[in-house]
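The values are calculated or read from the model by the stated rules, or taken from the named source; none is laboratory data. Quick caveat, the model's predicted, so the values are computed rather than measured. Neighbour counts run over all protein chains shown; Cβ positions are idealised from the backbone, glycine included.
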Amino acid sequence: MKHRLAFIGFGTVGQGFAEILLEKKDWLYNKYGFDYNVVAISDPLKGAVYEEEGVDLKTILNYVKEKGKIDEYPRGIKGWDSIKTITSTNANVIIEVSPTDIKTGEPGITHIRTAISNKKHVITTNKGPVALAYHELSHLASTNNVFFKFEGTVLAGTPLLNVGLEALRGIKIYEIKGIMNGTTNYILTQMEEGKSYTEALTVAQKLGYAESDPTADVEGWDVLAKVLILGNVVMGGNLKPKDVEREGIVGISKGDIEEARTQDKRYKLIGRVWREGDGIKAKVGPEKLDTREPLAQVGGVKNAISFFTDDLGEVTIMGPGAGRKETGFALMSDLLGIYKSLCCQC
Ligand SMILES: NC(=O)c1ccc[n+]([C@@H]2O[C@H](COP(=O)([O-])OP(=O)(O)OC[C@H]3O[C@@H](n4cnc5c(N)ncnc54)[C@H](OP(=O)(O)O)[C@@H]3O)[C@@H](O)[C@H]2O)c1
């Protein structure tokens, strides 16, 4: 079966995934027997195109690179918005890569709800819908007999959710804690090298690690979304944003970093989820870690998460937490997971 893919959003991650699909097309077919057509792309500024038999992805990517738009692509139906693209194309897998809004989850929640209600599989890297509506959306997916996958929402393509849900099946996870935001980890690492918070933030912005408005990162909102996902998906909780104490790194001074150094400690922005009684608790905030701890050794934009378990003790996974292809790969992994599951049902 040839999968028919539709992209909702075609920014950094969407294009990164499209490049992977294109570069690996023959290899994916030879190795896994996996084949696909991209039938539609819908993005508010770049434009939209639908071609039932599949678009020429290489040409589309060239249009985006050269003109920032796909409007002049010479074939197909143009101008369909995201909802029309989800409901009226022949796509069977919707790739939801629109921006994250951690306060409302929109437009992602509506996109995903619509896709699943129309019996389409969804793969996404959008944190908002998973952080705020995981239980509703996963229940909807199972009643509609489709897959809803989102590996890239935590640690991008570094395998984390699949490890927690599948590889660690049968083990008791007591706590998950980690560095889940590369921007803030970079800033803290730079501060250890002597920069002030403002100087470090400016460097991070120059290098493209931090947005011009860095609020979501430095005030801990991004980590809050990831902690909600870990708490609700991996630990089986039902946490809401209001249940999670959240503090960013804005209040950390050069003096705090120096003082920690004299104690053989290091500040990290830590997201943490743990079992307490029958419930799940979570917290986001800066913590002083002993320099010998695995998480304390993780510098720069790298991310790492430790699972604390009964039979394995501490299991730490480290890798990139963002990036065009690094996040695109998570979509690849989810897509192949759906393909494999559907093949097994045949
Ligand atoms: N970049 C990463 O490394 C990374 C890592 C992990 C997770 N993620 C998540 O992955 C998602 C995509 O990230 P990204 O970096 O590709 O973001 P991005 O570059 O901002 O791309 C998002 C795209 O979605 C479009 N869009 C906005 N509203 C839309 C709508 N209603 N329908 C369809 N498209 C819409 C945007 O168009 P306009 O430009 O016209 O607004 C933009 O082209 C986000 O949710 C992000 O949080 C990203």
At pLDDT 95 or above, within 11 Å of the ligand (Cβ to nearest atom) and surrounded by 15 or more Cβ atoms within 10 Å (Cβ to Cβ): is that true of Phe10 in this structure? yes
Asp71 passes all but one of the listed conditions (1) within 11 Å of the ligand (Cβ to nearest atom); (2) among the charged types (D, E, K, R); (3) in contact with a strand residue (DSSP E or B) (Cβ under 6 Å, 6 or more places away or on another chain); the exception is number (1)
Flagged in the range 102-129 as part of a helix (DSSP H, G or I) and more than 10 Å from the ligand (Cβ to nearest atom), in numbering order, are Ile109, Ile112, Arg113, Thr114, Ala115, Ile116, Ser117
Exactly one of Tyr174, Tyr197 is crowded, with 18+ Cβ neighbours inside 10 Å and of a type in the set (Phe, Trp, Tyr), and that residue is Tyr197
Scanning the range 289-317 residue by residue, those over 20 Å from Gly182 (Cβ atoms), free of Cβ contacts under 8 Å to residues at least 60 places away in the same chain and either part of a strand (DSSP E or B) or touching a Leu at 6+ places or on another chain (Cβ under 7 Å) (or both) turn out to be Asp290, Glu314
For the range 180-197, the count of residues that are assigned to a helix (DSSP H, G or I) and under 27 Å from the mean Cα position of the chain (by Cα) equals 11
Of the conditions (1) more than 15 Å from the ligand (Cβ to nearest atom); (2) in contact (Cβ under 8 Å) with a residue 24 or more places away in the chain, the single one that Ile94 does not satisfy is (1)
Restricting the range 318-346 to residues that are over 21 Å from Tyr32 (Cβ atoms) and surrounded by fewer than 18 Cβ atoms within 10 Å (Cβ to Cβ), the one nearest to the ligand (Cβ to nearest atom) turns out to be Gly323
Sole miss for Val163 among (1) in a helix (DSSP H, G or I); (2) within 16 Å of the ligand (Cβ to nearest atom) is condition (2)
Practice item. Kindly indicate whether any position in the range 61-69 is surrounded by fewer than 19 Cβ atoms within 10 Å (Cβ to Cβ), touching a residue at least 24 places away in the same chain (Cβ under 8 Å) and touching a helix residue (DSSP H, G or I) at 6+ places or on another chain (Cβ under 8 Å). Key: yes
Note on the range 35-54: residues surrounded by fewer than 22 Cβ atoms within 10 Å (Cβ to Cβ) and hydrophobic (A, V, I, L, M, F, W, C) are Leu45
When every residue in the range 214-243 that is of a type in the set (Asp, Glu) and crowded, with 18+ Cβ neighbours inside 10 Å is compared, the one nearest to Met180 (Cα to Cα) is Asp222
